[in-house]
Amino acid sequence: MNLYLRLLMTLLRAWRAPRLSPGDTLERQLRVLPNDLDLNGHMNNGRYLTIIDLMLVEYFVRTGFARTMLRHGWRPMAGGSLISYRRGLQPFEGYTLRFRLDATDSHWNYMRFEFVKGDKVCAAGYMKGAAVARSGLVPNLESYAAMGLPLPAGELPVPVRDWIAAEQGVMRAAW
């Protein structure tokens, strides 16, 4: 139930907040809640990705991507995530979550995120997502054009290229 409440609060905040452009950093001050904890008494590793999903919802609403997807009958789809944990977040501890679009390729959008406490990074990584239609993944040229935006230019950052290579190896080795 708590996650539905957080989703509702995220949507309400996003609808009232100023618009973002792709590449803008979304920064949010958050706190570890009791239901975020695992048996070790710190934030559960799966909860980090749930919080990232909520940031993605806010990012979609504030960039106009949510409206474009609804208008075209597209759905958002996560394609994977890469996260490294360095420091635990304790009960009721405050932290900053930074989130931004870092790169795109023909279909995928690579979002960088960092969970920061003070000047120390607690966890960081990437998640990739795309728009999907009944016919399959929507090319980024089409989805950005539907929003009236140019496709962000630039090469994939080295960590993203390394992640893609590792992901291909993992999928080739799948049972």
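The values are calculated or read from the model by the stated rules, or taken from the named source; none is laboratory data. Remember, it's a predicted structure, so these values are computed and weren't measured experimentally. Glycine gets a Cβ as well: all are built from the backbone with ideal geometry, and neighbour counts include every protein chain shown. In case anyone asks, the SASA skips ligands and DNA or RNA and just uses the protein heavy atoms, side chains included. Shrake-Rupley method; radii C 1.70, N 1.55, O 1.52, S 1.80 Å.
Before moving on, here are some points about what is shown:
- Computed over the chain, the per-residue total of -39500 (n - 2.57) for DSSP H runs of n ≥ 4 gives a 222 nm mean residue ellipticity of -11500 deg cm²/dmol, rounded to 500.
- Note: relative contact order over the stretch 107-146, using C-alpha pairs below 8 Å and six or more positions apart, is 38 percent.
- Those GluC sites (Glu not before Pro) in the stretch 115-175 that DSSP places in a loop and that have at most 14 other beta carbons within 10 Å: GLU155
- Percent carbon-and-sulfur accessible area, the chain, ignoring ligands, DNA and RNA, probe 1.4 Å: 57 percent
- Solvent exposure of the stretch 1-66 as accessible area per residue, Å², 1.4 Å probe: 57 Å²
- GNM result for the chain, Cα springs below 10 Å: residue of ILE52, ILE164, ILE83 fluctuating most strongly: ILE164
- For the stretch 1-42, applying the loop criterion from DSSP together with a ceiling of 11 other beta carbons within 10 Å to the trypsin sites (Lys or Arg not before Pro) yields ARG19.
- Stretch gain in nm, segment ARG75-ALA166, where the contour uses 0.36 nm per residue and the Cα spacing is subtracted: 30.1 nm
- Relative contact order, percent, the stretch 34-175 [alpha-carbon distance under 8 Å, six or more residues apart]: 22 percent
- Solvent-accessible surface (1.4 angstrom probe) belonging to HIS107, in square angstrom, nearest 10: 60 Å²
- FRET E, pair LEU5, THR96, Förster distance 25 Å, beta-carbon r, rounded to 0.05: 0.70
- Loop-resident trypsin sites (Lys or Arg not before Pro) (DSSP state other than H, G, I, E or B) in the stretch 67-175 with no more than 13 further Cβ atoms inside 10 Å of their Cβ: ARG86, ARG134.
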